[in-house]
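For reference, the structure is listed below as structure tokens.
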Amino acid sequence: MEMRLKVCFKCHEFVPILENNYHNTQEIVAFEKFHSGHPVQVVNEEEVANLKRWTGKPSAGE
Ligand SMILES: [Zn+2]
């Protein structure tokens, strides 16, 4: 079964979309708020091999 992810194509970051997971739901809400106005889309896991996991903080360097 493929996992789906919510991706921000501006920041190149994603969060996984998990069913019935309270923490994940909160994380998705925060992700949408943080990336408000950005091109956010739901995609399959295999499509985001080059993207990095969103940590909830602005990406600076790395
Ligand atoms: Zn973004």
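State the number of residues belonging to region 1-26 that are within 14 Å of the ligand (Cβ to nearest atom), surrounded by 12 or more Cβ atoms within 10 Å (Cβ to Cβ) and not in a strand (DSSP E or B). Result for region 1-26: 3. The set of residues from region 27-56 being assigned to a loop (DSSP other than H, G, I, E, B), over 11 Å from the mean Cα position of the chain (by Cα) and touching a residue at least 24 places away in the same chain (Cβ under 8 Å) comprises His38, Pro39, Asn50. Taken over region 27-51, residues that are within 13 Å of the ligand (Cβ to nearest atom), surrounded by 15 or more Cβ atoms within 10 Å (Cβ to Cβ) and within 20 Å of Glu2 (Cα to Cα) amount to 2. Taking the criterion of being of a type in the set (Gly, Ala, Ser) and at positive phi, the only residue of region 9-40 that qualifies is Gly37.
Here, each number is a calculation from the coordinates, and none is a lab measurement. Quantities reported herein were computed from a predicted structural model and do not represent experimental measurements. Positions of Cβ are generated from backbone atoms using ideal geometry, with glycine treated the same way; all protein chains shown enter the neighbour counts.
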